[in-house]
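What follows is a single structure, written as structure tokens, with notes after it.
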Amino acid sequence: TSGTQTYSNSLALAGNTVLSSTGLGAAGDITLGAITGNGYQFTAQATNAGTSILFNGSASGLSYLRGYAGSIRADAGLTSAGALELIASSGTISGSGLLTAANLLLNSAAGVGSSGSRIRTSAGTLTASGGTGVVYVDEVNGVVLADTGAIGNRGSSYDLVAGGTIDV
């Protein structure tokens with residue numbers, strides 16, 4: 001749909017779901033409350049530059065979670081049993097929520113987190129690129145860093161703190 005979309009109530013998925021917005025700039029923004037996956041896949045995409053997705057509620061019980069927009073902010077915990085992918089095509093990835101997944105992909109044009117507000121993760125494997133910015137991550141456990149060749153830009157640097165071993 002076109003226009004700002006806000007879902008403040010809990011979404012309980014009954015099947016694989018794609019939520020898409022084609023509005024321009026702020027008119028294409030998506031704000032989400034809690035998501036209960038029931039084992040299904042969920043994709044939220046705001047396809048135009050200048051758009052954003054705000055994950056304002058937790059997401060759990062998902063087999064796959066993907067967010068795609070100009071910028072992404074995760075202020076609540078997001079959990080996927082399989083893959084969790086956040087892709088910010090023209091801006092940053094930010095937020096204070098814990099991102100939990102076996103395979104976590106963070107791909108941003110202008111940075112992931114900041115020196116004062118790292119992205120908190122609990123990932124088995126982390127693939128991240130900050131584009132023209134830096135990837136600031138606070139991993140609660142140990143983590144395997146995957147090759148970023150699959151997602152393009154290798155120019156960004158990592159500033160990673162981990163509660164365990166970091167395997168490169």
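Quick look at the values:
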quantity	calculated
Solution diffusion estimate, µm²/s, Stokes-Einstein, the chain, Kirkwood Rh from C-alpha pairs, 4 °C, viscosity 1.567 mPa s	84
Heavy-atom accessible area ranking, 1.4 Å probe, most first, across Ile166, Ile35	Ile166, Ile35
Quotient of Cα Rg and 2.2 N^0.38 Å for the range 83-126, N being how many residues it contains	1.08
Relative contact order (%) - the chain, alpha-carbon pairs under 8 angstrom, separation at least six	13
The chain - charge dipole about Cα centre, Lys and Arg +1 at Cβ, Asp and Glu -1, debye rounded to 20	180
Of Ser80, Gly124, Asn56, farthest towards positive along the dipole that unit charges on Lys, Arg, Asp, Glu beta carbons give the chain	Asn56
GNM top mover of Val137, Val18, Val112 - the chain, alpha-carbon springs below 10 Å	Val18
Computed accessible area, Val134, all protein chains, 1.4 angstrom probe, square angstrom	40
Cα-derived Rg over Rh, computed across the range 1-47 with Rh taken as Kirkwood radius	1.00
Candidates Ser117, Ser60, Ser80, ranked by Gaussian network fluctuation over the chain, Cα under 10 Å, top entry	Ser117
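The values are calculated or read from the model by the stated rules, or taken from the named source; none is laboratory data. In this text, all values refer to a predicted model and were calculated from it rather than measured experimentally. Methodologically, a virtual Cβ is constructed for each residue, glycine included, from the backbone with ideal geometry; neighbour enumeration extends over all protein chains shown. Each accessible area value is taken on the protein alone, full model and side chains, heavy atoms only, with ligands, DNA and RNA left out. Shrake-Rupley method; radii C 1.70, N 1.55, O 1.52, S 1.80 Å.
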